[in-house]
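*Asks:* Input: one structure, supplied below.
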Amino acid sequence: MIMNQNLKNVLKVSCIVFSILILAQLMVIEPANALTRYFNCVTRTANNNGTFSLENAEACYDKVFKGALDNDEFGKPLS
């Protein structure tokens with residue numbers, strides 16, 4: 001009976017740990033998707049124009065990472 005109870009406790013703790021790990025992994029995946037969208041925008045712009053400038057990079061950054069237009073280069077909100 002005690003061994004059965006210990007097994008249940010181990011399973012409960014394992015489920016909690018795995019759930020936390022899955023949530024942490026999902027939180028890491030979203031920024032990776034944003035970087036992929038940024039690189040796609042940069043590649044598309046460079047291929048369309050034949051040239052690429054800092055202004056093009058900033059335009060892609062502002063388009064992909066929402067809220068970037070409202071901040072300065074250090075991430076502080078513009079007043």
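The values are calculated or read from the model by the stated rules, or taken from the named source; none is laboratory data. Everything numeric here is computed off the predicted structure, so don't read it as measured data. Cβ coordinates were reconstructed from backbone atoms using ideal geometry, including for glycine residues, and neighbour counts include every protein chain displayed. Heavy atoms of the whole protein, side chains included, go into the accessibility calculation; ligands, DNA and RNA do not. Shrake-Rupley method; radii C 1.70, N 1.55, O 1.52, S 1.80 Å.
*Asks:* Which pairs have Cβ atoms under 6 Å, sit 6 or more apart or on different chains, and link a residue in the range 52-79 that is within 15 Å of Phe39 (Cα to Cα) to one that is modelled with pLDDT under 70 and open to solvent by 100 Å² or more (accessible area, probe 1.4 Å)?
*Replies:* Asp62/Leu69
*Asks:* In the range 41-53, is there at least one residue being out of contact with any helix residue (DSSP H, G or I) (no Cβ under 8 Å at 6 or more places or on another chain), open to solvent by less than 80 Å² (accessible area, probe 1.4 Å), part of a loop (DSSP other than H, G, I, E, B) and within 21 Å of Phe65 (Cα to Cα)?
*Replies:* Yes, the conditions are met somewhere in the range 41-53.
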